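S.K.: Once you've had a glance at the structure underneath, I'll fire off some questions.
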Amino acid sequence: MEETLIMSTAGHEAVANAPTAGEYIVHHLTHWNTTGHPQKDIIDFSIINVDTLFFSILMGVIGLFVMWRVAKSVTSGVPGRTQAAVEILLEMVNDQAKGIVHSAESRKFVGPLALTVFVWIFLMNSMDFLPLDVLPNLWQAITGDHHAYLRVVPSADLNGTLGMSVGVLLVCLYYNIKIKGFGGWMHELFTAPFGSHPLLYPINFAMQMIEFLAKTVSHGMRLFGNMYAGELVFMLIALMGAAWAGTATGVFLWIGHVLAGSIWAIFHILIVALQAFIFMMLTLVYVGQAHEAH
Amino acid sequence: MNLNATLFAQLVVFFILAWFTMQFVWPPIVKALDERAKKIADGLAAAERGKQDLELATKRSTDALREGKEKAAELIGNAEKRAAQLIEEAKSTAKVEADRIVAGAKAEIEQEAVRAKEQLREQVATLVVSGAEKILRREINAQAHADILATIKQDL
């Protein structure tokens, strides 16, 4: 499936302008952003990655549309298959939320949030299953620009994952203040985890800040790292298959591509679902921690 | 892995999607799930009640059946007794009647016999007289011997 497409693409490119392996990968890892050029600086807030935003919104809309359709015609009688599937998903998320966040009032928002996160991330990660070159090539054909950049996996963009983990951080801060009161939360920031002593205040505060930072960064980085690495492996496998046209013993490379590609794609199904689940669980855990007084 | 404003855009999208789910997706489905759970609980309770009712009804019907059987047995016993009694009564009545009839018949037979004897006597007397007349016509006067004939008639 995916292999033949990549193969033909790579073969075609080899004839046309023959990118090196490094060029191929760098091209695939460059975003289509508002400037039209690869981003130079590490941090530049004047730029937006159009591809990441487009595909993440598309995935969010698809996921929510399906669930919304189910919610509109939901019945408490015998459920249809789609309804049963959505119900299983919702029950799974709801059970996890009940076990971690003990406030029923908070769960009215946290439950839907966790469900959204799970479905959305699952769909974004699933973009990895599409043949690596299909959408970029299509995009290049549409724009007529053979160097047009397009990355189709929004969760393999650090901006996408950090955006979500910062969102979770904001939710945590909101519940910290809501549950403990602003004064109570401030008190906790300076007295936990080591205890209430003026000498310990700065240490406590520093620890708390590190904790929030570490939670948020690791939350976003974990998903990004997994998906980025997964994408990269797909690219390497595609390169192996692309090399076959030039050599006499290349048939083995082609077979290796098919084998490795299949194995990695199957293994990736696990990663896609697992990372979506982990992100959802950590969201619940962090929000749950915001409810607990130290 | 450069950072840019996509992060903030994604943040906004994140909250919009979560809000949408909270507003339009989660509540109706959770409501339906709760309703179904209640329906099932009600159904189970109704089934339990039905089972109890059935047990009660079974017990009642068994009781009624036993009672009916007892009553029927009693009725049959009574009827048998009554029938025996009736038969006894009928037998004794019939016996009395038969005795009466037999007695009547006997009396009638006796009467008839007496009458027949009487007739026979008359006829024998006449026969004897006519026979004797024929014998004696030639030699005896009937009137002269009438007293003898009367004596014979007496002896018959």
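The values are calculated or read from the model by the stated rules, or taken from the named source; none is laboratory data. None of the values given here were measured: they were computed from a predicted structure. For neighbour counting, all protein chains shown are included, and Cβ atoms are generated from backbone atoms with ideal geometry for every residue, glycine included.
S.K.: Do the conditions hold for B:LYS59, that is, is it facing another protein chain (nearest Cβ under 7 Å), surrounded by fewer than 16 Cβ atoms within 10 Å (Cβ to Cβ) and free of Cβ contacts under 8 Å to residues at least 12 places away in the same chain?
M.R.: In short, no.
S.K.: Return only the number of the condition from (1) under 28 Å from A:LEU53 (Cα atoms); (2) over 15 Å from the mean Cα position of the chain (by Cα) that A:VAL101 does not satisfy.
M.R.: (1)
S.K.: Moving on to the next point. So, B:THR21, is that one within 7 Å of chain A (Cβ to nearest Cβ), touching a strand residue (DSSP E or B) at 6+ places or on another chain (Cβ under 7 Å), closer than 28 Å to A:LEU170 by Cα and surrounded by 15 or more Cβ atoms within 10 Å (Cβ to Cβ) or not? Before the answer, list the steps.
M.R.: Working: within 7 Å of chain A (Cβ to nearest Cβ): yes; touching a strand residue (DSSP E or B) at 6+ places or on another chain (Cβ under 7 Å): no; closer than 28 Å to A:LEU170 by Cα: yes; surrounded by 15 or more Cβ atoms within 10 Å (Cβ to Cβ): yes.
Spelling it out, it is not the case that B:THR21 is within 7 Å of chain A (Cβ to nearest Cβ), touching a strand residue (DSSP E or B) at 6+ places or on another chain (Cβ under 7 Å), closer than 28 Å to A:LEU170 by Cα and surrounded by 15 or more Cβ atoms within 10 Å (Cβ to Cβ).
S.K.: If I ask for residues that are under 21 Å from B:PHE8 (Cβ atoms) and either aromatic (Phe, Trp, Tyr) or at the interface with another protein chain (Cβ under 9 Å from one of its Cβ atoms) (or both), which ones from the stretch A:16-39 would you list?
M.R.: A:HIS31, A:TRP32, A:ASN33, A:THR34, A:PRO38, A:GLN39
S.K.: Still on this structure, I have one more. Quick one: would you say A:HIS146 is surrounded by fewer than 23 Cβ atoms within 10 Å (Cβ to Cβ), more than 28 Å from A:GLY60 (Cα to Cα), free of Cβ contacts under 8 Å to residues at least 40 places away in the same chain and away from chain B (no Cβ under 12 Å)? Let's see the steps before the verdict.
M.R.: Working: surrounded by fewer than 23 Cβ atoms within 10 Å (Cβ to Cβ): yes; more than 28 Å from A:GLY60 (Cα to Cα): yes; free of Cβ contacts under 8 Å to residues at least 40 places away in the same chain: no; away from chain B (no Cβ under 12 Å): yes.
Criteria not met by A:HIS146.
S.K.: Taking the conditions exactly as written (within 7 Å of another protein chain (Cβ to nearest Cβ), part of a helix (DSSP H, G or I), free of Cβ contacts under 8 Å to residues at least 12 places away in the same chain and out of contact with any Leu (no Cβ under 6 Å at 6 or more places or on another chain)), does A:ILE57 satisfy them or not? Steps first, please.
M.R.: Values: within 7 Å of another protein chain (Cβ to nearest Cβ): yes; part of a helix (DSSP H, G or I): yes; free of Cβ contacts under 8 Å to residues at least 12 places away in the same chain: yes; out of contact with any Leu (no Cβ under 6 Å at 6 or more places or on another chain): yes.
Yes; evaluated as a whole, the condition is true for this residue.
S.K.: Go through the residues of the stretch A:74-94 one by one and say whether even a single one is within 27 Å of A:GLY288 (Cα to Cα), in contact with a Pro (Cβ under 8 Å, 6 or more places away or on another chain), free of Cβ contacts under 8 Å to residues at least 40 places away in the same chain and in a helix (DSSP H, G or I).
M.R.: Kept after step one, since they are within 27 Å of A:GLY288 (Cα to Cα), are these residues of the stretch A:74-94: A:85-94.
Okay, now just the ones that are also in contact with a Pro (Cβ under 8 Å, 6 or more places away or on another chain), so A:87.
When the remaining residues are screened for being free of Cβ contacts under 8 Å to residues at least 40 places away in the same chain, the result is A:87.
Now restrict to residues that are in a helix (DSSP H, G or I): A:87.
Checked the stretch A:74-94: at least one residue is within 27 Å of A:GLY288 (Cα to Cα), in contact with a Pro (Cβ under 8 Å, 6 or more places away or on another chain), free of Cβ contacts under 8 Å to residues at least 40 places away in the same chain and in a helix (DSSP H, G or I).
S.K.: Right, here's the next one. Just one of the numbered conditions (1) facing chain B (nearest Cβ under 10 Å); (2) modelled with pLDDT of 90 or more is not true of A:ILE42; which one?
M.R.: Status for A:ILE42: all satisfied but (2).
S.K.: Of A:ILE43, A:ILE47, which residue is crowded, with 17+ Cβ neighbours inside 10 Å and free of Cβ contacts under 8 Å to residues at least 24 places away in the same chain?
M.R.: After ruling out the rest, the residue left standing is A:ILE47.
S.K.: In the set A:GLY181, A:GLY167, A:GLY195, which member is more than 14 Å from chain B (Cβ to nearest Cβ), in a helix (DSSP H, G or I) and either closer than 27 Å to A:MET127 by Cα or at pLDDT below 95 (or both)? Show your work before the answer.
M.R.: Working: A:GLY167 fails: more than 14 Å from chain B (Cβ to nearest Cβ); A:GLY195 fails: in a helix (DSSP H, G or I).
Going through A:GLY181, A:GLY167, A:GLY195 in turn, just one is more than 14 Å from chain B (Cβ to nearest Cβ), in a helix (DSSP H, G or I) and either closer than 27 Å to A:MET127 by Cα or at pLDDT below 95 (or both): A:GLY181.
S.K.: Which one of A:LEU123, A:LEU115 is assigned to a helix (DSSP H, G or I), touching a residue at least 24 places away in the same chain (Cβ under 8 Å), within 8 Å of chain B (Cβ to nearest Cβ) and out of contact with any strand residue (DSSP E or B) (no Cβ under 6 Å at 6 or more places or on another chain)? Give the steps one after another, and end with the answer.
M.R.: Values: A:LEU123 fails: within 8 Å of chain B (Cβ to nearest Cβ).
None of the other options fit; the residue is A:LEU115.
S.K.: Next up: Look at B:GLN143 and say whether it is more than 33 Å from the chain's Cα centre (by Cα) and loosely packed, with under 10 Cβ neighbours inside 10 Å.
M.R.: So B:GLN143 passes the test.
S.K.: Looking at the stretch B:33-43, is at least one residue among the basic types (Lys, Arg), more than 60 Å from the chain's Cα centre (by Cα) and either surrounded by 11 or more Cβ atoms within 10 Å (Cβ to Cβ) or at the interface with chain A (Cβ under 7 Å from one of its Cβ atoms) (or both)?
M.R.: Checked against the condition, which is being among the basic types (Lys, Arg), more than 60 Å from the chain's Cα centre (by Cα) and either surrounded by 11 or more Cβ atoms within 10 Å (Cβ to Cβ) or at the interface with chain A (Cβ under 7 Å from one of its Cβ atoms) (or both), the stretch B:33-43 yields no hits at all.
S.K.: Here is a follow-up. Give me the pairs: first residue in the stretch B:1-16 and at the interface with chain A (Cβ under 7 Å from one of its Cβ atoms), second residue among the charged types (D, E, K, R) and buried (at least 19 other Cβ atoms within 10 Å of the Cβ), beta-carbon distance under 9 Å, and six or more apart or on different chains, which are they?
M.R.: B:MET1/A:ASP157; B:THR6/A:ASP157; B:GLN10/A:ASP157
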